[in-house]
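Visitor: Here's a structure for you.
The values are calculated or read from the model by the stated rules, or taken from the named source; none is laboratory data. This structure is a prediction, so every number in the text was calculated from the model and none was measured. A quick note on method: Cβ atoms are made from the backbone with ideal geometry, for glycine too, and the neighbour counts reach across all protein chains shown.
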Amino acid sequence: MRMRAISVFALAAGLLSVSMPLLAHHGTAVFDTNKTLTLKGSVTEWDWSNPHCLLQFDVKSESGQSVHWIAETQNPANMVYAGFGKASFKPGDEVTVTLMPTKNGLPYGRIKQVVLANGKTLNASGGTINADSSGSPGATKSGNYPKQ
Amino acid sequence: MLNRFIALVIVLIVALTFSQLAFTQNARPQQSGAAKDRKATAEPAPPHDISGTWTPANGPNDAIQPYGAKAMPNDGKPEHQLPYTPLGLQTYKSHKATIGVDEVLPKDYNDPRDKCEPLGFPRTDLYYLRDTQIFQNEYKVAILYQYGEAWRVIWTDGRALPKLVDGAVLVGKEVREQRFYGYSVGKWVDDTTLVVQTVGMMPEDRVWLDLTGRPISDAALVEERFHRVNHDRLELTVTIDDPKMYTKPWIAMNKFPMRLADPHHDVMEVYCSLSEMEKYDKLFANPTSAPASPPGGDTPGR
């Protein structure tokens with residue numbers, strides 16, 4: 001019974017991992033696709049660049065030690081469709097990051113979701129959740145210039 | 001206990017399904033007033049006209065083709081095995097891709113894309129065919145691709161397809177250079193279908209066919225069929241005929257659907273920058289490819 005239950009759960013986890021939109025630049029060889037971590041931290045840098053955007057943030061452990069994490073998303077042209085933008089994060093922003101960690105145990109990962117201090121959730125694999133009607137700062141889905 | 005697991009599975013699958021739907025819907029660019037007013041039934045395709053900004057009909061990620069050519073993904077399934085020649089297989093094995101059934105770690109890849117080499121044709125169809133702008137007049141059709149901000153010209157003025165000679169291209173009697181995006185001529189076979197043939201691309205040591213490292217050579221003849229189904233929909237079929245790499249022609253994209261985007265849509269850049277690539281490799285690709293940390297190693301916050 002227990003083995004069957006584990007098999008069902010493994011199947012679900014597998015479905016989730018293969019169903020996630022794939023990145024354009026590389027595969028998942030370095031990631032532990034069955035694992036998800038949620039970390040609270042403070043943003044130190046947001047690189048809105050190719051081939052992947054990188055969010056850097058510091059996480060404090062219970063002992064007070066700080067660990068510097070770096071997590072990637074897709075490239076900017078993909079991320080605008082998920083509500084991310086150049087101005088989504090600034091140094092000092094408190095964020096809760098859910099990510100798929102790397103296999104090697106180092107503080108790196110692929111972002112699944114970021115929750116901002118105001119409760120706004122950016123879902124890296126899809127559209128925004130609980131976003132206000134104007135969308136994410138700096139992001140325009142159509143990329144149109146504003147009218148004069 | 002089992003019921004709780006099954007319930008969890010159902011919740012996960014439903015959540016994922018709605019996430020995907022939300023993504024597809026959010027992926028659609030805002031429509032202009034004119035587009036909003038258009039009736040649900042699309043207007044007929046204008047004759048001999050494929051101009052416009054086209055985007056994947058099933059969402060922007062549909063044309064990234066991470067596992068290679070859309071109609072023949074490199075997923076290990078027998079039905080997707082390509083008919084390699086011995087040279088084709090040897091060339092494929094020399095390519096180290098970061099995705100696909102033979103993927104390597106990011107530190108080990110040798111994709112010319114990541115040295116900022118031009119993608120070339122037909123890879124520009126088979127990788128990241130996102131927002132695609134097409135302009136045309138009575139002489140030619142110009143296609144502007146989003147990745148690398150590359151462009152190519154398809155001549156529709158009746159000129160003949162250049163001939164291939166050893167390591168070069170014969171345009172009339174003039175010997176010309178090979179090109180990353182080749183030499184293309186197009187012909188309208190009916191009011192709504194433009195058939196394009198392209199030859200004269202770079203040799204196999206300069207370009208890949210797709211993201212998974214499949215090969216393409218300078219002997220290739222590539223046929224594209226652009227069929228405008230109606231005013232708002234364009235379908236692209238791509239056939240690869242490369243006797244150096246493959247024993248027979250095969251279809252790489254089969255009626256891939258594109259939809260007409262808002263004409264005001266401003267296409268974002270997707271580019272390869274050596275400085276940004278270097279930063280990414282240093283900050284992320286190299287450390288994530290490093291061996292596992294020793295047992296007992298402390299990664300606070302993890």
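Visitor: If B:Thr91 passes every condition in (1) closer than 30 Å to B:Asp157 by Cα; (2) in contact with a strand residue (DSSP E or B) (Cβ under 9 Å, 6 or more places away or on another chain); (3) at pLDDT 95 or above but one, which one does it miss?
Guide: (1)
Visitor: Looking at B:Thr247 and the list (1) within 29 Å of B:Pro73 (Cα to Cα); (2) over 18 Å from the mean Cα position of the chain (by Cα); (3) modelled with pLDDT under 95; (4) not small (Gly, Ala, Ser), which single condition is not satisfied?
Guide: Unmet condition: (3).
Visitor: Determine which single condition B:Arg214 fails, assuming it passes every other condition in (1) at pLDDT below 95; (2) buried (at least 22 other Cβ atoms within 10 Å of the Cβ).
Guide: B:Arg214 satisfies every listed condition except (1).
Visitor: For region B:195-227, name all the residues that are under 17 Å from B:Lys248 (Cα atoms) and part of a loop (DSSP other than H, G, I, E, B).
Guide: Result: B:Leu209, B:Arg214, B:Pro215, B:Ile216, B:Ser217, B:Asp218, B:Ala219, B:Ala220.
Visitor: Inside region B:240-276, can you point out the residues that are assigned to a strand (DSSP E or B), β-branched (Val, Ile, Thr) and surrounded by fewer than 18 Cβ atoms within 10 Å (Cβ to Cβ)?
Guide: Once the filter is applied, which keeps residues that are assigned to a strand (DSSP E or B), β-branched (Val, Ile, Thr) and surrounded by fewer than 18 Cβ atoms within 10 Å (Cβ to Cβ), region B:240-276 yields only B:Ile251.
Visitor: Follow-up. Test B:Gly76 against the stated conditions and say whether it is out of contact with any Ser or Thr (no Cβ under 9 Å at 6 or more places or on another chain), under 22 Å from B:Pro56 (Cα atoms) and not basic (Lys, Arg).
Guide: no
Each row is one residue, and each column tells you yes or no for (1) within 14 Å of chain A (Cβ to nearest Cβ); (2) of a type in the set (A, V, I, L, M); (3) under 15 Å from the mean Cα position of the chain (by Cα).
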{"site": "B:Thr193", "(1), (2), (3)": "no, no, no"}
{"site": "B:Met201", "(1), (2), (3)": "no, yes, no"}
{"site": "B:Arg206", "(1), (2), (3)": "no, no, no"}
{"site": "B:Arg214", "(1), (2), (3)": "no, no, yes"}
{"site": "B:Ala219", "(1), (2), (3)": "no, yes, no"}
{"site": "B:Thr237", "(1), (2), (3)": "no, no, yes"}
{"site": "B:Phe256", "(1), (2), (3)": "no, no, yes"}
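Visitor: Give the residue, chosen from B:Ala285, B:Ala219, that is in contact with a strand residue (DSSP E or B) (Cβ under 7 Å, 6 or more places away or on another chain), in contact (Cβ under 8 Å) with a residue 40 or more places away in the chain and not β-branched (Val, Ile, Thr).
Guide: Result: B:Ala219 is the single residue among B:Ala285, B:Ala219 that is in contact with a strand residue (DSSP E or B) (Cβ under 7 Å, 6 or more places away or on another chain), in contact (Cβ under 8 Å) with a residue 40 or more places away in the chain and not β-branched (Val, Ile, Thr).
Visitor: Follow-up question, since we're still on this one. Kindly list, by first and then second residue, each pair from a residue in region B:171-193 that is aliphatic (A, V, I, L, M) to a residue that is surrounded by fewer than 20 Cβ atoms within 10 Å (Cβ to Cβ) and outside any loop (DSSP other than H, G, I, E, B), limited to pairs with Cβ atoms under 7 Å and residues at least 6 apart or on different chains.
Guide: Listed pairs, sorted by first residue: B:Val175/B:Val165; B:Val175/B:Ala168; B:Val185/B:Trp155; B:Val185/B:Gln197; B:Val189/B:Val195.
Visitor: If B:Glu149 satisfies every condition in (1) surrounded by 15 or more Cβ atoms within 10 Å (Cβ to Cβ); (2) in contact (Cβ under 8 Å) with a residue 40 or more places away in the chain but one, which is the exception?
Guide: (1)
Visitor: Next question. Out of everything in region B:54-108 that is away from chain A (no Cβ under 13 Å) and among the β-branched types (Val, Ile, Thr), what residue ends up being surrounded by the fewest Cβ atoms within 10 Å (Cβ to Cβ)?
Guide: Step by step, filter region B:54-108, then rank; the result is B:Thr85.
Visitor: How many residues, within region B:261-280, are hydrophobic (A, V, I, L, M, F, W, C) and either more than 14 Å from every other protein chain (Cβ to nearest Cβ) or in contact with a His (Cβ under 7 Å, 6 or more places away or on another chain) (or both)?
Guide: Summing the residues that are hydrophobic (A, V, I, L, M, F, W, C) and either more than 14 Å from every other protein chain (Cβ to nearest Cβ) or in contact with a His (Cβ under 7 Å, 6 or more places away or on another chain) (or both) in region B:261-280 gives 0.
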